[in-house]
Amino acid sequence: MDKTDLVISQLIKTHGTNNPLRIAAQKNITVLFEDLGKNTYGYYACMNRIPSIHINNRLDEFETRFALAHELAHHILHPGVNTPFLRKNTLFTVDKIEREANQFAIKLIIGNTQPENGETKNCFLLRCGIPEEFHFFY
Ligand SMILES: [Zn+2]
């Protein structure tokens, strides 16, 4: 179990859910759904110590969950860091904090679900509701 796995299992235990929207609410993070155009998933901001997550209201259900989990990751893993906007065309960035947040997001979405005996990574992630284009982050 690496550090991210540990942080996530504690997070799920503390909040009784792996739903990023419910975790954000319990952590008193303001979540705002806004029209952020065609290319942006969302961003995290912390103004006067008040954290907020901004999510594009044009996203589908999975993208919304992923973006929420990604921005929540910044709040938990990267406090005080000025994080970039999460954009579709920079999703596969090599930026360290972005990669960490993407991996965290996928692992949070998987939650406590375990792979079954002989199940391929692909089948497992699809069963967790994760579209193929996001399997890269696992
Ligand atoms: Zn990010």
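Condition test on Glu133, is it without any contact (Cβ under 8 Å) to a residue 24 or more places away in the chain and in a loop (DSSP other than H, G, I, E, B)? So Glu133 does not fit the description; no. If you scan segment 32-52, which residues turn out to be within 15 Å of the ligand (Cβ to nearest atom) and either part of a loop (DSSP other than H, G, I, E, B) or more than 20 Å from Lys107 (Cβ to Cβ) (or both)? Of everything in segment 32-52, those that are within 15 Å of the ligand (Cβ to nearest atom) and either part of a loop (DSSP other than H, G, I, E, B) or more than 20 Å from Lys107 (Cβ to Cβ) (or both) turn out to be Leu36, Asn39, Thr40, Tyr43, Ala45, Cys46, Pro51, Ser52. Here Asn89, Asn82, Asn122 are screened, and the one residue that is part of a helix (DSSP H, G or I) and at pLDDT below 95 is Asn89. Of the numbered criteria (1) open to solvent by 70 Å² or more (accessible area, probe 1.4 Å); (2) within 13 Å of the ligand (Cβ to nearest atom); (3) among the β-branched types (Val, Ile, Thr), the one Thr83 fails is (1). When Ala73 is tested against the conditions (1) outside any loop (DSSP other than H, G, I, E, B); (2) more than 15 Å from Ile130 (Cβ to Cβ); (3) more than 10 Å from the ligand (Cβ to nearest atom), the lone failure is (3). For Asn102, the criteria (1) closer than 18 Å to Tyr43 by Cβ; (2) open to solvent by 80 Å² or more (accessible area, probe 1.4 Å); (3) touching a helix residue (DSSP H, G or I) at 6+ places or on another chain (Cβ under 7 Å) hold in every case but one, which is (2). None of Leu91, Leu68, Leu72 is more than 22 Å from Met1 (Cβ to Cβ), touching a Pro at 6+ places or on another chain (Cβ under 7 Å) and open to solvent by less than 40 Å² (accessible area, probe 1.4 Å) except Leu68.
Of all the criteria given as (1) over 20 Å from Lys13 (Cα atoms); (2) out of contact with any Leu (no Cβ under 6 Å at 6 or more places or on another chain); (3) not acidic (Asp, Glu), the one not satisfied by His135 is (2). Only one of these is β-branched (Val, Ile, Thr), in a strand (DSSP E or B) and either within 18 Å of Glu133 (Cα to Cα) or within 13 Å of the ligand (Cβ to nearest atom) (or both): Ile55, Ile97. Name it. Criteria check complete, one pass: Ile55.
The values are calculated or read from the model by the stated rules, or taken from the named source; none is laboratory data. Quantities reported herein were computed from a predicted structural model and do not represent experimental measurements. With ideal geometry, Cβ positions are generated from the backbone for all residues, glycine too; neighbour counts draw on all protein chains shown. Note: accessible area is taken over every heavy atom of the protein model, side chains too, but ligands, DNA and RNA are not part of it. Shrake-Rupley method; radii C 1.70, N 1.55, O 1.52, S 1.80 Å.
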